[in-house]
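Data first, discussion second: the structure below is written as structure tokens.
The values are calculated or read from the model by the stated rules, or taken from the named source; none is laboratory data. Note that the structure is predicted; figures quoted are calculated from it, not measured. Every residue, glycine as well, gets a Cβ built from its backbone with ideal geometry; the counts of neighbours run over all protein chains shown.
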Amino acid sequence: MYIILAILLLAILIVVHEFGHFMAARAMKIDVCEFAVGFGPKLVGWKSKKYETTFAIRAIPMGGYCSFYGEDDATGKSKDDPRNFGNHSVWKRMFVILMGPMMNFVLAFVAAVVLIWCTGITVAVEPEQVDPFIQEVMASGPAHDAGMKAGDEVLEINGKNMMDGTMDTLLNTISSWKEGDGPLRMTIRRNGETVQTEVTPVWNEEAGKMQIGVYIGGYLRTETKPAGFFGGIGEAWRMCTNAGGAILRALKNLVTKGEGLEDTAGPVGIVSMISTQVEGQVKQGGAGAGIDMFTQLLILISINLGLMNLLPIPGLDGSRLVFGIIEAIRGKPVPPQKEAVVHLIGMGLLLALMVFFTFKDIMRLFQ
């Protein structure tokens, strides 16, 4: 079921993207050759009598397309066809191309607004309070020997509450231990369960105090408040812009530093990630939490899809926009044959890249 939901999410994003191209073409009175959901063999198809557009649902639900007459005509045979995409104004064509990614941004924003209206806005509790947790356990030391793990929340030490809204109580309780005192009896919350352990601090000469061999962090305490109409819109805008900024920074680091290359994934990996995340949230917080996670992933991946398509990579919308800008500046188009060859080569490379990532995703699943 979760795999089906993941495929449905991708299908929604792709259909919305291609529908943006389709509706923009209709508005610009540009003929559409075929609008398809999925790739591969046609399962269902019909043709519009009014517009001569073929609509199809195809066997592989991992993509889709909105094709135009003569769009990638490398031979120039269709140049005299009045329906030819290249025969329309460059500004009309650029508008049609741009509306695909724009619809992904619109979908993400609308989904974010609805999510925030339904769930509210999470804000920090006033005055600011934190709940301490074990951020990292050193490879050797009392905490490691006692079986403490990263993510543990220390609820009590020797019966004293550590969750008083500060990190100081936990830090001071550990550092104030003296030789001859008994071990620190800790009550820890780990993955929703409570466990008991004992830790005896040791003197750290460099720090000049007693320590147990951990790094301590703090979760900022938050509360959820109703968003309101305009508050939901503003928070949704911040959510989407923050997500877009994070994606662009990750892309920059990937290109310049190679960071995150091992985390890249193709369609199979994305489906696996979505299904795992949604299933985990359902098990942890119920159906409502699963719906929230599904919506958050839809927002993130939709923004990602829109941004990736705007990159000037041959075969993608960004490359077609570049050719349109060149045409607008020169006052005449790049020879259609040359542009078509560039896009065809780009699509071939993208297909090869997809095969590579799909193979990588499948191997990762077996691991």
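Observations on the model:
- Residues (in a strand (DSSP E or B), modelled with pLDDT of 85 or more and closer than 30 Å to residue 278 by Cβ) located in segment 8-39: 35, 36, 37
- Close pairs (7 angstrom Cβ cut-off, 6 or more residues apart or separate chains): under 14 Å from residue 186 (Cβ atoms) and modelled with pLDDT of 90 or more in segment 162-173, among the acidic types (Asp, Glu) and surrounded by 15 or more Cβ atoms within 10 Å (Cβ to Cβ) anywhere: 162/156; 163/131
Each row is one residue, and each column tells you yes or no for (1) at pLDDT 90 or above; (2) acidic (Asp, Glu); (3) under 23 Å from residue 242 (Cβ atoms).
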residue: 275; (1), (2), (3): no, no, no
residue: 279; (1), (2), (3): no, yes, no
residue: 284; (1), (2), (3): no, no, no
residue: 289; (1), (2), (3): no, no, yes
residue: 293; (1), (2), (3): no, no, yes
residue: 301; (1), (2), (3): yes, no, yes
residue: 305; (1), (2), (3): yes, no, yes
residue: 308; (1), (2), (3): yes, no, yes
residue: 321; (1), (2), (3): yes, no, no
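- The listed residues are 277, 281, and the only one of them that is crowded, with 16+ Cβ neighbours inside 10 Å, free of Cβ contacts under 8 Å to residues at least 24 places away in the same chain and either touching a Gly at 6+ places or on another chain (Cβ under 7 Å) or hydroxyl-bearing (Ser, Thr, Tyr) (or both) turns out to be 281.
- For segment 118-132, the condition of being in a helix (DSSP H, G or I) and either in contact with an Asp or Glu (Cβ under 7 Å, 6 or more places away or on another chain) or closer than 30 Å to residue 237 by Cα (or both) holds for at least one residue.
- The listed residue being of a type in the set (Val, Ile, Thr), free of Cβ contacts under 8 Å to residues at least 40 places away in the same chain and either over 22 Å from residue 130 (Cα atoms) or in contact with a Ser or Thr (Cβ under 7 Å, 6 or more places away or on another chain) (or both), out of 187, 200, 224: 187
Per-residue answers, yes or no, for (1) of a type outside the set (A, V, I, L, M); (2) in contact with a His (Cβ under 9 Å, 6 or more places away or on another chain); (3) buried (at least 18 other Cβ atoms within 10 Å of the Cβ); (4) on the phi < 0 side of the Ramachandran plot:
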position: 39; (1), (2), (3), (4): yes, no, no, yes
position: 52; (1), (2), (3), (4): yes, no, no, no
position: 55; (1), (2), (3), (4): yes, no, no, yes
position: 59; (1), (2), (3), (4): no, no, no, yes
position: 71; (1), (2), (3), (4): yes, yes, yes, yes
position: 78; (1), (2), (3), (4): yes, no, no, yes
position: 99; (1), (2), (3), (4): no, yes, yes, yes
position: 106; (1), (2), (3), (4): no, no, no, yes
position: 118; (1), (2), (3), (4): yes, no, no, yes
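- From the list 92, 77, 42, the lone residue that is among the basic types (Lys, Arg) and part of a strand (DSSP E or B) is 42.
- Residues in segment 320-367 that are closer than 16 Å to residue 71 by Cβ and outside any helix (DSSP H, G or I): 333, 334, 335.
- Some residue of segment 285-305 being touching a Pro at 6+ places or on another chain (Cβ under 9 Å), assigned to a helix (DSSP H, G or I), buried (at least 16 other Cβ atoms within 10 Å of the Cβ) and not acidic (Asp, Glu): yes
- Residue match in segment 224-247 (condition: of a type outside the set (A, V, I, L, M) and part of a strand (DSSP E or B)): yes
- The listed residue being modelled with pLDDT of 80 or more, over 15 Å from residue 86 (Cα atoms), surrounded by 19 or more Cβ atoms within 10 Å (Cβ to Cβ) and of a type in the set (A, V, I, L, M), out of 344, 316, 349: 316
- Near pairs, Cβ below 6 angstrom, 6+ apart or cross-chain, from segment 25-48 (free of Cβ contacts under 8 Å to residues at least 24 places away in the same chain) to any residue that is in a loop (DSSP other than H, G, I, E, B): none
- Leading residue by the ranking (nearest to residue 78 (Cα to Cα)) among those in segment 325-367 that are among the β-branched types (Val, Ile, Thr) and free of Cβ contacts under 8 Å to residues at least 24 places away in the same chain: 334
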